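Worksheet: the structure to be examined is printed underneath.
Every read-out reported here was derived from the displayed coordinates using simple, explicitly stated rules and does not represent laboratory data. All values reported here derive from a predicted model rather than from experimental measurement. Glycine also receives a Cβ, built like all others from the backbone with ideal geometry; neighbour counts cover every protein chain displayed.
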Amino acid sequence: MTLSISKSLLCSAIFAFAAHSAFAAAFPSSGPTTPGNEARLRGSEALAPVNAPLSVKRAIWAANQLRTKPYRYGGGHKSFHDNAYDCSGTVSYALAGAGLVTVPLSSTEFRVYGSRGPGKWITVYARNGHTFAVIAGLRLDTTSPHNPSRRWAPRWQPTERRPSGFEARHPTGL
């Protein structure tokens, strides 16, 4: 019986490792970089800062995959891989690429995500109904860069957005 339990535990561990590896493989493990501590835009693509932790780089490279996707309410919630994304689906996708979430979160769930306040590398701004993130100095958002009340699509934004009314949260340690 002990041998049966050991085999069962070993099989479970192998399955969990394989599932985690397959999940991680779905997101890019490399991408474009730029010197320093701040991300930069090259066209619509973000360049990850070489001095950032690997998880931050992976979040940026994952989010780059969404820059041609359209906006759809609820997009990216049933699965990280979808054909359109809403605000929290977009932020969830980036954080999943970094290994920081394992399921898509809603904007309401992001209000209690991680630790309170701005992070050094990643800050998620959340309120009921909308979420955006600032990763290594670049804003990842689904609203228009000039009209934050208009839904647009998952994109890196070169302009800042006032976070009034949003709760700032960050992945612990980042």
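Would you mind computing, in nm to one decimal, how far apart the modelled labels at Ser115 and Trp152 are, each placed 7 Å from Cα along Cα→Cβ?
Computed distance between label sites Ser115 and Trp152 equals 3.1 nm.
Please work out the FRET efficiency for the pair Leu54 and Arg127, using the Cβ-Cβ distance as r and a Förster radius of 35 Å; give the result to the nearest 0.05. Provide the component values of the computation, followed by the final result.
Working: r = 30 Å, r/R0 = 0.85.
E between Leu54 and Arg127, to the nearest 0.05, is 0.70.
If amide H atoms are built 1.01 Å from N in the plane of the peptide, which residues on other chains or at least 5 residues away come under 5 Å of the amide H of Arg40?
Leu47
Got the relative contact order for segment 60-119 handy, in percent, Cα pairs under 8 Å and 6 or more residues apart?
Numbers: 77 pairs, mean separation 17.5, N = 60.
That works out to 29 percent.
Report, by chain and number, residues whose modeled amide H sits under 5 Å from the one on Ala153, excluding near sequence neighbours (fewer than 5 apart, same chain).
Hits under the 5 Å cutoff: Thr143.
What do you get for chymotrypsin sites (Phe, Trp or Tyr not before Pro) in segment 26-130 restricted to DSSP loop and a cutoff of at most 14 other Cβ within 10 Å of the site's Cβ? Mind dumping the intermediate values first?
On the way: sites: Trp61, Tyr71, Tyr73, Phe80, Tyr85, Tyr93, Phe110, Tyr113, Trp121, Tyr125; in loops: Tyr73, Phe80, Tyr113, Trp121.
Answer by residue number: Tyr73.
Go through segment 130-141 residue by residue and turn each phi into a ³J(HN,Hα) via Karplus (6.51, -1.76, 1.60, θ = phi - 60°); whole Hz please, and just put x for glycine and proline.
7, 9, 9, 9, 10, 10, 6, x, 9, 8, 9, 8
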